[in-house]
2 protein chains.
Amino acid sequence: MTGKLLVVGLGPGGAEDMSGRARAGIESCDLIAGYTVYVDLLRDEFPDKEIITTPMRKEVERCRAALEAAAAGHSVAMVCSGDPGVYGMAGLIYELADEFPPVDIEVIPGVSASNGGAAVLGAPLMHDYCVISLSDLLTPWETIERRLVAAAQADFVISLYNPSSHKRPDYLQRACDILLQHKGPDTVCGTVRNIGREGQEAHVMTLAELRDTQVDMFTCVFIGNSQTVELNGKMVTPRGYLQRED
Amino acid sequence: MTGKLLVVGLGPGGAEDMSGRARAGIESCDLIAGYTVYVDLLRDEFPDKEIITTPMRKEVERCRAALEAAAAGHSVAMVCSGDPGVYGMAGLIYELADEFPPVDIEVIPGVSASNGGAAVLGAPLMHDYCVISLSDLLTPWETIERRLVAAAQADFVISLYNPSSHKRPDYLQRACDILLQHKGPDTVCGTVRNIGREGQEAHVMTLAELRDTQVDMFTCVFIGNSQTVELNGKMVTPRGYLQRED
C-alpha cells in the first residue's frame with residue numbers, strides 16, 4: 001500500500017490563517033509531523049491525530065521520518081509555518097523522496113510570512129519585490145550581500161527573513177549598511193514581530209532608523225522601494241494607478 | 001457611524017483556498033466588492049451578501065466605490081484573487097482613503113499566485129526569489145528590464161506575473177531573451193495556468209524552451225536559479241540542507 005505525504009502550510013499566525021484545503025488535508029491524514037512549536041499549535045485543533053515532532057535544525061531527520069512513515073503506508077501531514085515552499089520543508093521532501101519507496105507527495109500552500117507581515121504593515125509589496133533570507137547557515141554571506149546590492153540597485157521592495165539570531169545579532173545592521181550605499185536613509189521600512197500571534201507588533205520607520213533597531217528571529221523586515229510612503233502609519237508602495245491617472 | 005473595509009485575499013483557486021480569517025471576514029460584512037470574475041466565485045458561498053462589481057481595469061473606481069460604501073456606514077469586504085497585497089487592491093485602498101471620511105481598514109492576506117503556483121510545480125521558491133510583473137501598463141519597460149537583469153545576475157529564482165496579454169503577446173519572449181544573456185539555456189523553468197481552478201495545467205521546461213512557449217494572462221511563470229533542478233517532473237530549488245551535510 002502506498003502512503004501519501006502532504007506538505008501543508010499553516011499560514012503565519014494561528015489556526016484561523018489556515019486555508020480550507022490545508023485543514024481538510026490535515027483531517028485526511030492519520031499522522032502529523034513537524035517542528036515541535038508548530039505542531040503544538042495543532043494539538044487542540046486535531047486532537048485525534050498521532051504526532052511526530054522533531055526539534056529545530058533537525059530538518060533532514062524530520063523530512064526523512066515523514067517520508068519513512070508515508071512509505072510504510074501512513075498518510076502524513078508535514079506541517080510548516082507560513083508557506084512550506086518559502087524557506088520551508090517542501091524542497092527537502094522532494095530532494096529526499098528517492099531514498100524511499102514511491103509516495104504520493106502534494107504541497108498545500110499557505111500564506112507566507114512575507115504576505116502576512118505585509119498585510120499588518122499596510123501594503124508594502126504592491127510592486128516588484130525580492131525575498132531574501134539573512135541566514136548564512138546554508139548560504140554564503142557573499143551571495144546574500146550580492147543579492148541585497150542587486151535588489152537595492154534595481155529598486156525592488158525587499159522582504160527579509162531571518163534578520164537576526166543569537167549568533168548573528170548584527171546581521172540586519174550589516175544588511176542596512178549595504179543597502180544604505182544604494183538607497184536613501186529616508187527609505188520607508190517596517191518590521192512585524194509575531195505575525196498573527198499573541199504579542200504581534202508592527203513598526204514603520206526609516207532605513208536609517210532600521211539600521212539601529214534590534215530585531216529577533218520572530219521578526220519579518222520590509223524595506224521599501226523609492227516610491228514607498230508612510231500613509232497614516234501604514235507602509236504603502238503605490239502600484240502606479242493614481243500616477244497613471246494624472 | 002464609521003464603517004469598515006476589509007481587503008480580503010481569496011487565494012489563487014477556489015473557495016477552499018480561502019483562510020478561515022478571510023471567510024470569517026467576508027461573513028462579518030454586509031457588502032462584497034470586487035472585480036466581476038472573482039465576485040462571481042463567491043455568490044454560492046455567500047448568497048445573502050449584497051454585491052458591487054466593477055469590470056477589469058477600473059481599479060480606481062472599484063476602490064472608490066468600496067471606500068464610499070464603507071464611509072456611509074457599511075461593512076465592506078473588497079475581495080481580490082491571490083493576495084491583495086501583491087499587485088492587488090490593498091495599496092490603492094490606502095492611497096485613496098484620505099478622500100473619504102475615516103474608515104477602519106484591514107488587509108486579510110491570501111495565498112499569492114506565486115506561492116500557489118509554486119506548490120503545483122513542486123518547490124521552486126525555496127531560496128531567495130524575486131516577484132516581477134511583465135505588465136508595462138503602470139511601469140516603464142526599462143524598469144522591468146533592469147529588474148530582470150538584476151534578478152538574473154544575482155541568481156534569484158524569479159516568479160513572473162502578467163507574462164503575456166493580447167496587446168503584449170511577445171513580452172515573455174523578450175524577458176527570456178534578456179535572461180538568456182545572464183543565465184544558461186538549460187536553467188529549469190516552469191509554468192502554471194489556472195492555479196487551483198478547473199483546467200489547471202503545469203509544465204516544467206528549460207529556459208530555452210520557455211522562450212518559445214506561448215502563455216496567456218492566466219499563467220504564472222517561474223525561472224529557476226543556478227541550483228534549481230527537475231526531480232521526477234517537479235521543479236525544485238534546493239535550500240542547501242543536503243549540501244551542508246556532505
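Is there a simple number for the mean count of other chain Cβ atoms within 10 Å of the Cβ of residues in A:92-101, and what is it?
Average per residue, whole number: 4.
Run the helix sum for chain A: -39,500 (n - 2.57) per DSSP H stretch of 4+ residues, divided by residue count, reported at 222 nm to the nearest 500 deg cm²/dmol.
Counting only the DSSP helices, I get -8500 deg cm²/dmol.
With r defined as the distance between the Cβ atoms of A:Ile51 and B:Glu201 and R0 fixed at 25 Å, what FRET efficiency is calculated, to the nearest 0.05?
0.10
Before anything else, pin down the relative contact order of the range A:66-129: Cα pairs under 8 Å, at least 6 apart, normalised by residue count, whole percent.
Worked out over the range A:66-129, it gives 33 percent.
What residues qualify as long-range amide H neighbours of A:Tyr161, i.e. H under 5 Å apart, gap of 5 or more or another chain, H built at 1.01 Å from N?
Close amide H contacts, sequence-distant or interchain: A:Ile132, A:Ser133, A:Leu134.
Rank by packing, highest mean first: peptides A:225-233, A:14-22, A:123-131, with packing defined as the count of other Cβ atoms within 10 Å averaged across residues.
A:123-131, A:14-22, A:225-233
Evaluate the charge dipole of the protein assembly as shown about its Cα centre and quote only its size in Debye, nearest 20, assuming +1 on the Cβ of each Lys and Arg and -1 on the Cβ of each Asp and Glu.
520 debye
To test your reading of the geometry: what angle, between 0 and 90 degrees and rounded to tens, separates the Cα axis of helix B:59-71 from the longest principal axis of chain B?
Between helix and principal axis, roughly 40 degrees.
For the Cα atoms of chain A, what angle does the longest principal axis make with the long axis of helix A:171-180, in degrees from 0 to 90, nearest 10?
Helix A:171-180 and the main axis of chain A meet at about 40 degrees.
Can you tell me, using C-alpha contacts under 8 Å and at least 6 residues apart, the relative contact order of chain B as a whole percent?
20 percent
Taking the label point as lying 7 angstrom from Cα along the Cα-to-Cβ axis, what are the distances from A:Ala72 to the corresponding position in the remaining copies, in ascending order and in nanometres?
In nanometres, ordered from closest: 6.2.
With N residues in the range A:114-236, what two-decimal value do you get for its Cα radius of gyration over 2.2 N^0.38 Å?
The value comes to 0.95.
Considering only DSSP states other than H, G, I, E and B, which GluC sites (Glu not before Pro) in the range B:72-137 qualify as loop sites with at most 14 other Cβ atoms within 10 Å?
Here no loop site has a sparse enough neighbourhood.
Could you tell me whether the protein assembly as shown comes out rounded, prolate or oblate from its Cα gyration tensor? Rule is a ≥ b ≥ c as square roots of the eigenvalues, rounded for a/c under 1.5, then prolate if a/b exceeds b/c, otherwise oblate.
Note, shape of the protein assembly as shown comes out rounded.
Sequence gap at least 6, Cα distance under 8 Å: using those rules, report the relative contact order of the range B:162-246 to the nearest whole percent.
Reported relative contact order: 32 percent.
Spelling out what I want: for every residue of the range B:157-165, take phi, set θ = phi - 60°, compute 6.51 cos²θ - 1.76 cosθ + 1.60 (Karplus), and round to whole Hz; glycine and proline get x.
Working through the residues one at a time gives 5, 10, 10, 9, 9, 6, x, 6, 7 Hz.
7 Å along Cα→Cβ for the label point: how many nanometres lie between A:Glu198 and each equivalent label in the other copies, listed shortest first?
4.6
Would you report the distance distribution of C-alpha pairs in the range B:4-111 as whole percents per 10 angstrom bin, up to the bin with the largest distance?
17, 56, 26, 1
Using the Kirkwood radius over C-alpha pairs as Rh, can you work out the diffusion coefficient of chain B via Stokes-Einstein at 25 °C, viscosity 0.890 mPa s, in µm² per second?
Roughly 128 µm²/s, to the nearest whole number.
With axes computed from alpha carbons, what is the tilt in degrees of helix B:141-153 against the longest principal axis of chain B, rounded to the nearest 10 within 0 to 90?
Between helix and principal axis, roughly 50 degrees.
Net charge around A:Gly11, counting only other residues with Cβ within less than 10 Å of its Cβ (Lys, Arg = +1; Asp, Glu = -1)?
It works out to a net charge of -2.
Between A:Lys167 and A:Ala24, what is the label-to-label distance in nm when each label sits 7 Å out along the Cα-to-Cβ direction?
4.2 nm
Of the beta bridges DSSP finds with both residues in the range A:114-236, what % are antiparallel, to the nearest 5?
Just about 70 percent of them are antiparallel.
Whole-Hz Karplus ³J(HN,Hα) for the range A:106-120, in order, using 6.51 cos²θ - 1.76 cosθ + 1.60 and θ = phi - 60°, x for Gly and Pro?
9, 9, 9, x, x, 5, 6, 4, 4, 5, x, x, 4, 5, 5
Taking a temperature of 37 °C and a viscosity of 0.692 mPa s, what whole-number D in µm²/s does Stokes-Einstein yield for the range B:110-185 with Rh from Kirkwood over alpha carbon pairs?
It comes out at roughly 250 µm²/s.
At A:Thr143, label 7 Å along Cα→Cβ: distances to the other copies, nm, ascending?
3.0
Mind checking the mean number of beta-carbon atoms from other chains within 10 Å of the Cβ atoms in B:102-108?
Mean inter-chain Cβ contacts per residue within 10 Å come to 3.
For B:Ala33, list long-range residues whose amide hydrogen, built 1.01 Å from N in the peptide plane, is under 5 Å from its own amide hydrogen.
Placed amide hydrogens put B:Ile52, B:Ala77, B:Met78, B:Val79 under 5 Å from B:Ala33.
Since every read-out is calculated from the coordinates, none of them should be taken as a lab result. Every value quoted in this text rests on a predicted model; they were computed, and no experiment measured them. Glycine also receives a Cβ, built like all others from the backbone with ideal geometry; neighbour counts cover every protein chain displayed.
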